[in-house]
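The values are calculated or read from the model by the stated rules, or taken from the named source; none is laboratory data. A quick note: this is a predicted structure, and the numbers were derived from the prediction, not measured. With ideal geometry, Cβ positions are generated from the backbone for all residues, glycine too; neighbour counts draw on all protein chains shown.
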Amino acid sequence: MPQAPAGAAADRRATDRYLPILALGFAGYVVFGKSFAYLGLPPLFVGEMLFALGLLAFLASGCATALLTTVPALSAALLMGWVLLRTLQGIGPYGVDALRDGAVALYGGFAFIVAALIVERPIRIAQIMGYFRIHARVLIPIAIVLYLIARFFFASIPKLPGQNVEIISVRSGELAAHLCGALVLALVGLCKVSRSWLVVALGAALLIASQSRGGMLALLLPLVLAMILTGQIGRLATITAALTVAMLLAAAADLEIDLPRGERPISAAAVVENLASVAGSSDANNLDGTKQWRLSWWQAIRNYTVHGPYFWTGKGFGMNLAEADGFVVGLERGGPTVRSPHSVHMTYLARSGVPGLTLWLLTIGSWALALLRAAHLAWRRGDLDWARYFVFLVCYLASIVIDASFDVALEGPMLGIPFWILFGIGFGSLMVYRAWHVVEPPVRFGPAARKGAQIAGAILLGAVTLLGSPPSKAAESPACPPDAIPVPVGVPIQPLVDKAPQGAAFCIAAGLHRAQMIVPKDRQTFIGQPGAVLNGAELITDISRKDAFWVTAMPQFGIKPFGSCLAQRARCNEPRRFFLDGQPLEPVSDRAELQPGRVYSDAATGLSYFADDPRGRTLERTRVLYAFNNRGARGVTVKGLIVEKYATPAQQGAIFGDENARATDWLIEDNEVRFNSGAGIATGDRSMVRRNRVHHNGQLGISPNGSDVVIEDNEIYENNIYGFDAAWEAGGVKAGKVERLTLRGNHVHDNYGSGLWCDVDCRNVLFENNLVERNADAGIFYEISFDAVIRNNTVRLNGTGRGGQQGSAWIWGAGIQIAASEGVSVYGNTVTVASGGTGIIIVDQGRERLDQPKRKDGQKKLFYLTARNSVHDNEVVYDGNSGLSGGASDVPASNPNFGIIETGENRFDRNTYVLRGPADAPLFIWGGEPVSYERFRDLGQEANGRIIRADQGQPAQNGLVQKP
């Protein structure tokens, strides 16, 4: 490698002055991350200022035309040109957002700036290596310390003046990439470091590996590659063995460091779970949930580009991809929302189509191959420092690309600018090395090269397209049939439906279809293309300032609010709703209660008042009751749509509407249904509801009506966000007076009410293979009904009481709860109970039948009986030191049902109860009082059951624990 001559005078030309400035900028991104990127005065932040100065240095270098002589440089130039074209097309509708999104490739200008400086004066490579050594020895330890401060003392870190950004804002993935670069630099022998430095670096690596899957891979894979490329196989085996032993010892000692801000503690188990979640599924800390969210979104992008209408162009730059594609997160927490799909490859594909992705893959692929080939030639020639240098650059850049494959990284300046600087250093150094050896001319795009590039691009694109998730659920939309009627954005849908015959199919285009209500005909099919959104709200433009508030007119629906609310959320049943930047505003009953995030509507004046300043923000109000109002239509299919923000009354669905005896045989699948005022989906007889994501609806997720309804393979979560009283009717799924309802294979979690609930004369209902967890009230609830089977479900930690609901109280809020019902079989279930909660309970309430026959004189009333219920072959796990299972009577001695629990042929048998903590309180109830397990058996229950206590031995044959 070139060495700077001793005592050489520093050149004071503009090009010499720029390189130290750029190095300081690089250091700022490494140490401070996002906060450094926000320095400056909008729209000129530090990145833009560095770029402007760099352009002056680039022009002063005189090397501009010499750079486009290698495949990587030419590929990068073509990529920038294509993205610039698509960005310019987006400036009109999206303004500065288009430029912000286009920066993912336009930051490539830094590559040409740096390469020009290197080609102009190759001696600068030695200067750059000096900066890299400072980066490794000084900046990385500082960055680690600041990162730890941010993790442990997040609440105390001040924010930048005028910005909602902490002064220390480095992501785990960013630190992982820069730490990997420093470790590779030391590993290949280009930088000597102390043992204390290694200890600090390895500790930081463990922290990152336990917190971030992408960061873990960004550290691990390039380090392994560096050792393989530099012939350090023996060292790799030694380090692998040492790390394995260390992990085993840490796991055996149960070493764990809790992080106040981190989602997960630092531990060997956390690292192993991260590794396992990469290759398979994991429930640890929602690892599988975030993974599936990414994979579903990526599948949707592939559908509308590789297999859809955006093959050549993508959706462009400027739009929020999460909103356009229907994968918004952050709304339920007040934002900000994610804009890009957590993978730079998918960002290029979604925004610039297959050509953009091909150019991107060709750019990074040709760069890596060129540098690896140069490293190989350098090894053969004995230029060891050059070989190590190229390996270092490849591994450093690979680390950034790996992190960018799992997170939003190159889309912003924090890693985007360092990435392109490294890219420019790479191809600039490559040009210098080739020029010095003059072994062969620089590679150009001749016919053979073009053909090879096409083949390589096709292979890379095929790999990205084929690898990934199985077909996604709500994200995947089926292809429209050839004769489907197209529905472009902005076109009223109902006139098209009215003109079409029965059985017609409609292909609803991607994009936002506002304030549309569809009244279908028999057997019509409605298919949404990826990103097709039916939005029941309208934009508010008629708003003005009045005193301290903002005021607009209030729409009138003529619908009387219906349903019981929690005391603290008295306006829960108001279907009129307002949304600010996608987040629902909480209605209040008095203007004195107004504050940001709330709205007050005055019925006397017809005005609504806001404390939030809506200028520059998106303010919406619900305008339409239903997305699909059945009006008796039969055999309707609804697929692949996002349905949101409809003013649906309680107990009615944004899809389907209200009950109608004629509206049967609906198929509702692969939709996402969210932010509707009442229920998300309702049904009629013989309807099928499958593979939908139903979440954040005001009252219920799904409201089944009719007979022979099947609800399967849906994800139903975070429903009842408007605060209905769950004891009335709210939560995940609530059915009433249904027959032969099947609830199968659903994941029902975190609803503000019961998970799966059938109430009032339900008959022959099947609950099977569902995962029901963390719901505010009961997990599975069968109430005043008949003949059900509840089998093979996993029910975990329900009765949380979230959202102000009652939750677990005495016998209520159980994992599986049978109330005033008869003929229910409960078996094969695994129920996990939090401390003080209830596992499996049957309870009698002495409730009168709703279907009372006309009585003659002296004839007694009929009551629902808690009788003939069988609970067997289940496992109940108590996480704490208290809880209940069994049968309870909630009636006075004067009630005709008094004693029905004991005399009604109710049976518990062959169940296993696992106690994870010491429990002195009675864990069972039979009749009116809690009893011990021994007394429970004496009363005729659990003749063949068993109980396993954590502090005692395994049970003997009689089911009682046998002390060791």
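Details
- Residue count, segment 47-77 (criterion: under 30 Å from Y147 (Cβ atoms), touching a residue at least 60 places away in the same chain (Cβ under 8 Å) and of a type in the set (A, V, I, L, M)): 1
- Against the conditions (1) under 25 Å from the mean Cα position of the chain (by Cα); (2) part of a loop (DSSP other than H, G, I, E, B), A654 satisfies every one except (2).
- Search result, residues across segment 791-817 that are out of contact with any Gly (no Cβ under 9 Å at 6 or more places or on another chain) and either at pLDDT 95 or above or of a type outside the set (K, R) (or both): T794, W810
- Some residue of segment 841-861 being among the charged types (D, E, K, R), part of a loop (DSSP other than H, G, I, E, B) and touching an Asp or Glu at 6+ places or on another chain (Cβ under 6 Å): yes
- Search result, residues across segment 325-348 that are farther than 13 Å from E411 by Cα and at pLDDT 90 or above: none
- Scan of segment 575-615 for residues that are crowded, with 18+ Cβ neighbours inside 10 Å, in a loop (DSSP other than H, G, I, E, B) and touching a helix residue (DSSP H, G or I) at 6+ places or on another chain (Cβ under 9 Å), ordered by number: G582
Every residue, every condition in (1) among the aromatic types (F, W, Y); (2) modelled with pLDDT under 80; (3) within 36 Å of the chain's Cα centre (by Cα), yes or no:
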{"site": "A37", "(1), (2), (3)": "no, no, yes"}
{"site": "E48", "(1), (2), (3)": "no, no, yes"}
{"site": "F51", "(1), (2), (3)": "yes, no, yes"}
{"site": "G54", "(1), (2), (3)": "no, no, no"}
{"site": "A57", "(1), (2), (3)": "no, no, no"}
{"site": "A64", "(1), (2), (3)": "no, yes, no"}
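- Count of residues meeting criterion [among the β-branched types (V, I, T), over 32 Å from the mean Cα position of the chain (by Cα), part of a helix (DSSP H, G or I) and surrounded by fewer than 19 Cβ atoms within 10 Å (Cβ to Cβ)] in segment 99-158: 2
Residue by residue, here is whether (1) under 30 Å from V394 (Cβ atoms); (2) touching a strand residue (DSSP E or B) at 6+ places or on another chain (Cβ under 8 Å) holds:
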| site | (1), (2) |
| --- | --- |
| Y29 | yes, no |
| K34 | yes, yes |
| A37 | yes, yes |
| F51 | yes, no |
| A76 | yes, no |
| L79 | yes, no |
| L84 | yes, no |
| V96 | no, no |
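- Members of segment 897-927 that are part of a loop (DSSP other than H, G, I, E, B), surrounded by fewer than 23 Cβ atoms within 10 Å (Cβ to Cβ) and within 45 Å of the chain's Cα centre (by Cα): R910, R916, G917, P918, A919, D920, A921, P922
- Any hit, segment 655-673, residues being touching a His at 6+ places or on another chain (Cβ under 9 Å) and modelled with pLDDT of 95 or more: yes
- When L68, L59, L53 are screened for being part of a loop (DSSP other than H, G, I, E, B) and farther than 16 Å from A103 by Cβ, only L68 passes.
- Pair list, Cβ < 8 Å and 6+ apart or interchain, from segment 524-553 residues that are surrounded by fewer than 17 Cβ atoms within 10 Å (Cβ to Cβ) to residues that are of a type in the set (V, I, T): L539/T618; D542/T552; I543/V551; I543/T552; S544/V551; S544/T552; R545/V551
- Cβ separations smaller than 9 Å between residues 6+ apart or across chains give the following pairs from segment 814-839 residues that are more than 19 Å from A919 (Cα to Cα) to residues that are in a loop (DSSP other than H, G, I, E, B) and among the basic types (K, R): A819/R847; A820/R847; E822/R868; G823/R868; V824/R868; Y827/R910.
- Of everything in segment 749-760 that is under 17 Å from Q805 (Cα atoms) and of a type in the set (A, V, I, L, M, F, W, C), the residue that is surrounded by the fewest Cβ atoms within 10 Å (Cβ to Cβ) is W757.
- Hits in segment 75-87 (condition: of a type outside the set (S, T, Y), over 15 Å from A116 (Cβ atoms) and more than 31 Å from the chain's Cα centre (by Cα)): L78, G81, L85
- Answer residue from segment 475-509, given it is part of a loop (DSSP other than H, G, I, E, B) and touching a Lys or Arg at 6+ places or on another chain (Cβ under 8 Å) and is nearest to I642 (Cα to Cα) among those: S477
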